[in-house]
Amino acid sequence: MKIALLAPAGAMHRYNGMFHKNLHYAPITLALLAALVPEELGADVKIYDETAEKIPLDIDADIVGITCITGTASRCYRYADYFRKRGIKVILGGVHPSLKPYEAMEHADSVVVGLGENNFPRALKDFRDDCMQRLYFQGENTTVENRPLPRKDLLKEDKYITLNTVEAIRGCNLNCTFCAYPKAFGSKLYKRTVQNIIDEIKTLKGRIVVFPDVNLIADTSFAKELFREMIPLKKWWFGLTTSAIGADHELIELFEKSGCKGLLIGFESVNQETQKSMRKGVNKVYEYQLLMDKLHSHGIMVMGCFAFGSDDDEIDVFLRTVNLCLEAKIDLPRFSVITPFPGTDYYRQLEREQRIIETDWSMYDVEHVVYRPKNMTVNELEEGIKLAWKDAYSVKNIIKRIDIKNLWKINILYGIYFGLNFGYKKYAESFEAYGKTVMADNSDIPD
């Protein structure tokens, strides 16, 4: 059996788009799916990640698996339709097919809804036995404990800044109105065993480890156990948490001792009312500067993410946000538009208020406006996010965001700081080239 696993990408994130190698680490999804292919099938598996390379149209496969998020759904469907017309069976899975399974069914022979640990291998065996189902739903016995190591050997190492991506915990116990994850996969936390994670880390070459999990501290007891065990490994690691990290001094100490050098934190907004309406009360805007100082003093740099377009945002929100980034010394600000993903509470609210103005999924990439904001025009929101990117990543403000007070603690990391900041500076300068004409153009895939 010949199996091809595909991850199509939106125009901005495609191999020929705005994000270059120094902003891309190796994805886990495709490599994990490859590892889940049952040995009994004797399959020849190929991986094609469109953030790293072109997906060939002449793939030699019996069956194609496509992982899909909302922002890539239109392109995924186009690939699926193309390969099915060539007589190749297609399985669709991921966040968007889990949110919109019956829509996805129109473009696939089978759809895996929810996590695929059990159902993806089952679908492949059913395909072999000529009894593949149209829909596979996530079962209650789904687990990620002691799962196989992802097949990173199938990825092209030279296309990524690192292959050393490791999953520890899947899921998040927050209930943010805009987040698609719990609507697609449920609110349960799925944890690997600490020993299983440590064993995987020990197989990795080099010092860097990236945890792309959406919330590493969703279970603080688990996090503390994991990072205690990581201390002897002497790695440098990067991951995602919430601002709740600031309230747990023991955890921050463990982060530093275990080698944490950078965190992505969803600060979301400079408006506390927005935090409340998003149901992200864990964020306290008045504590952001203190949190940044605390993390810097432990040698930890931060990518701080902000989303514009809430009903509390007015036209001054863009400059206020950039000023906060400067004052709090946020090392790598990242700006987006709050996006109403299908199935979320935020989507239902805007749909009820008849404010959704865009139905092409390719525009649901968190950088484009797909609804009418409350306190500004669509154009003002679009221009405001461009202004924020350009202002935050001017050379003057890149330098201004350096935390001189804690420079001694971060020191060598400023090589990474300047590399990533100037990478995002290029992103900011190219941002407006990606309007709908470019984003929605999938004409490179034949009908």
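The values are calculated or read from the model by the stated rules, or taken from the named source; none is laboratory data. This one's a predicted model, so the numbers in the text were calculated from it and none came from an experiment. Glycine also receives a Cβ, built like all others from the backbone with ideal geometry; neighbour counts cover every protein chain displayed.
Hey, could you check region 1-12 for residues that are of a type outside the set (A, V, I, L, M, F, W, C) and surrounded by 19 or more Cβ atoms within 10 Å (Cβ to Cβ) and say which is modelled with the lowest pLDDT? Break it down stepwise before answering.
Of the residues in region 1-12, the ones of a type outside the set (A, V, I, L, M, F, W, C) are 2, 8, 10.
With surrounded by 19 or more Cβ atoms within 10 Å (Cβ to Cβ) added as a condition, the list becomes 8, 10.
On the way: Pro8: 98, Gly10: 94.
The extreme case among them is Gly10.
Contact annotation: residue pairs with Cβ atoms under 6 Å, 6 or more positions apart or on different chains, pairing a residue in region 147-173 that is in a strand (DSSP E or B) with a partner that is among the β-branched types (Val, Ile, Thr), are Thr165/Ile28; Thr165/Val210; Arg170/Val144.
Within region 212-228, residues that are polar (S, T, N, Q) reach partners that are surrounded by 18 or more Cβ atoms within 10 Å (Cβ to Cβ) with beta carbons closer than 7 Å, at six or more positions or on different chains, in the pairs Asn215/Cys172; Asn215/Leu240; Asn215/Thr241; Asn215/Thr242; Thr220/Leu251. Of the residues making up region 387-436, those that are under 30 Å from Val370 (Cα atoms), modelled with pLDDT of 95 or more and surrounded by fewer than 13 Cβ atoms within 10 Å (Cβ to Cβ) number 0. Can you find a residue in region 377-391 that is in contact (Cβ under 8 Å) with a residue 40 or more places away in the chain, outside any helix (DSSP H, G or I) and not basic (Lys, Arg)? Within region 377-391, none of the residues are in contact (Cβ under 8 Å) with a residue 40 or more places away in the chain, outside any helix (DSSP H, G or I) and not basic (Lys, Arg). Please work out if Ala123 is in the same structural domain as Asp311 (by TED's automatic domain parsing), at pLDDT 95 or above, closer than 23 Å to Asp49 by Cα and not β-branched (Val, Ile, Thr). When the stated conditions are applied, Ala123 does not pass them.
Go through the residues of region 228-240 one by one and say whether even a single one is assigned by TED's automatic domain parsing to the domain that holds Glu287, outside any loop (DSSP other than H, G, I, E, B) and under 23 Å from Tyr364 (Cα atoms). Scanning region 228-240, I find at least one residue that is assigned by TED's automatic domain parsing to the domain that holds Glu287, outside any loop (DSSP other than H, G, I, E, B) and under 23 Å from Tyr364 (Cα atoms), so the answer is yes. Ala34 meets all of the listed conditions (1) of a type outside the set (Lys, Arg); (2) in a helix (DSSP H, G or I); (3) free of Cβ contacts under 8 Å to residues at least 60 places away in the same chain but one, namely (3). Only one of the listed residues (Ile265, Ile198) is β-branched (Val, Ile, Thr), part of a strand (DSSP E or B) and modelled with pLDDT of 95 or more. That residue is Ile265. Scanning region 242-249 turns up one or more residues that are of a type in the set (Val, Ile, Thr), part of a loop (DSSP other than H, G, I, E, B) and under 19 Å from Ile330 (Cβ atoms). On the basis of being modelled with pLDDT under 95 and either in contact with a Leu (Cβ under 7 Å, 6 or more places away or on another chain) or closer than 30 Å to Ala52 by Cβ (or both), does Pro182 make the cut? For Pro182, the condition - modelled with pLDDT under 95 and either in contact with a Leu (Cβ under 7 Å, 6 or more places away or on another chain) or closer than 30 Å to Ala52 by Cβ (or both) - is met. Among the residues of region 94-145, how many are assigned to a helix (DSSP H, G or I), free of Cβ contacts under 8 Å to residues at least 24 places away in the same chain and of a type in the set (Gly, Ala, Ser)? Result for region 94-145: 0. Which residues, counting only those in region 56-89, are surrounded by fewer than 24 Cβ atoms within 10 Å (Cβ to Cβ), touching a helix residue (DSSP H, G or I) at 6+ places or on another chain (Cβ under 9 Å) and not in a loop (DSSP other than H, G, I, E, B)? Within region 56-89, Ile63, Ser74, Lys89 qualify. For Gly304, the criteria (1) in contact with a strand residue (DSSP E or B) (Cβ under 9 Å, 6 or more places away or on another chain); (2) more than 30 Å from Arg207 (Cβ to Cβ) hold in every case but one, which is (2).
For (1) among the small types (Gly, Ala, Ser); (2) surrounded by 17 or more Cβ atoms within 10 Å (Cβ to Cβ), each residue gets a yes or a no:
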site: Thr193; (1), (2): no, no
site: Lys202; (1), (2): no, no
site: Pro212; (1), (2): no, yes
site: Gly266; (1), (2): yes, yes
site: Met278; (1), (2): no, yes
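Go through the residues of region 278-299 one by one and say whether even a single one is in contact (Cβ under 8 Å) with a residue 60 or more places away in the chain, of a type in the set (A, V, I, L, M) and touching a Lys or Arg at 6+ places or on another chain (Cβ under 8 Å). It would help to see each step written out before you state the result.
Of all residues in region 278-299, those in contact (Cβ under 8 Å) with a residue 60 or more places away in the chain come to 278-280, 282, 292-293, 296-299.
Retained after the next criterion (residues that are of a type in the set (A, V, I, L, M)): 278, 282, 292.
Still in the running and touching a Lys or Arg at 6+ places or on another chain (Cβ under 8 Å): 292.
Looking for residues that are in contact (Cβ under 8 Å) with a residue 60 or more places away in the chain, of a type in the set (A, V, I, L, M) and touching a Lys or Arg at 6+ places or on another chain (Cβ under 8 Å), one finds at least one in region 278-299, hence yes.
Does at least one position in region 316-326 carry a residue that is touching a residue at least 40 places away in the same chain (Cβ under 8 Å), surrounded by fewer than 23 Cβ atoms within 10 Å (Cβ to Cβ) and charged (D, E, K, R)? Scanning region 316-326 turns up at least one residue that is touching a residue at least 40 places away in the same chain (Cβ under 8 Å), surrounded by fewer than 23 Cβ atoms within 10 Å (Cβ to Cβ) and charged (D, E, K, R).
When you check Lys188 against the structure, is it modelled with pLDDT under 95 and farther than 22 Å from Gly262 by Cβ, yes or no? First the steps, then the outcome.
Details: modelled with pLDDT under 95: yes; farther than 22 Å from Gly262 by Cβ: yes.
Taking the combined requirement at face value, the residue satisfies it.
Might you check whether a residue that is modelled with pLDDT of 95 or more and either closer than 24 Å to Lys188 by Cα or not in a helix (DSSP H, G or I) (or both) occurs anywhere in region 284-296? Yes; the residues of region 284-296 include at least one that is modelled with pLDDT of 95 or more and either closer than 24 Å to Lys188 by Cα or not in a helix (DSSP H, G or I) (or both).
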